[in-house]
Every structure is written in C-alpha cells, then in structure tokens.
Amino acid sequence: MTRLERQIHQAVKDTAWLIRKAGTSARLLRPVKAGEDSFFGSFESDETEIGTISIEKKLLEEQDLAEIGADAVADVLPDSGVEESDILEIEGIRYRATDVKPQNFFGAVTHIRLHLELEKRETDGA
C-alpha cells in the first residue's frame, strides 16, 4: 500500500470515528410507494424502518440553511443506506432527506452530506 493509499484509508477511518463520536443517532425510515399505476400517480402509504444510523448534525446559521434550502444539514457514514426522500428521525424530530451527496477525498467516499427538511405531514383538519 502506498503512502497516499494509507492516508486516504486513514481519512476514511477518521471521518467515521468523528461521525460516531458525535453520539447522535437517527431512525432511518423509507416511505413505501403505493398506487404506482394510479391515475393520480403514486403516493406514500406507509413507511418501513430500515434501522438506526450514526449521524453528525451540523450547526449552521439560519441564513446559511435558507441559502441552501434546508432546515438542517448532517453527515452520515457511506454505508448508511440513506436515499433521497427517506425520513430521518433525529432526537424526536422528523426530517426528509432532500439531497444526498457523497463527499470524496482523493476518490474515496469519506461520508455522505445530507440536506434535510422538516417533514411536512398532511393533517385531516381535525
């Protein structure tokens, strides 16, 4: 293994350690699509729990969040399995992943940056 390969490997390990060290976890939920062939299109009928993942929520100014169109930003491990439209429940607050961006260090994915929006749930008007 070359020196660069060792440094890349170490960067991946260090980033994973930092995310885990943040000490925050999130329930990862995936919406189940129903009505795929419906005239009105598909809709989310339920959700499946994928599991619990380590997460590092970023502390950003409201102005910075507004600029990128997110309510929160977080980093997760590359193998977390988060996809766009997934729901993450962090400390009792539900967010929808609107942007899932792998972060690279000389070709190795060190972590995934998520842009999160507070989940907007339809109410029945009651």
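Pairing each residue of the range 51-73 that is over 16 Å from E83 (Cα atoms) with any residue that is acidic (D, E) and not in a strand (DSSP E or B), provided the two are 6+ apart or on different chains, yields C-beta distances under 8 Å for L65/D71. Checked across the range 33-48, the condition of being at pLDDT below 90, aliphatic (A, V, I, L, M), open to solvent by less than 60 Å² (accessible area, probe 1.4 Å) and not in a loop (DSSP other than H, G, I, E, B) holds for at least one residue. Select from the range 69-93 the residues that are hydroxyl-bearing (S, T, Y) and buried (at least 16 other Cβ atoms within 10 Å of the Cβ) and list them in ascending order. Within the range 69-93, just S80 meets the criteria.
Within the range 57-73, the presence of a residue that is among the acidic types (D, E) and under 11 Å from the mean Cα position of the chain (by Cα) is excluded.
The values are calculated or read from the model by the stated rules, or taken from the named source; none is laboratory data. Just so it is clear, the structure is predicted and the values come from calculations on it, not from any experiment. Neighbour counts run over all protein chains shown; Cβ positions are idealised from the backbone, glycine included. What goes into the accessible areas is simple: the full protein's heavy atoms, side chains included, and nothing from ligands, DNA or RNA. Shrake-Rupley method; radii C 1.70, N 1.55, O 1.52, S 1.80 Å.
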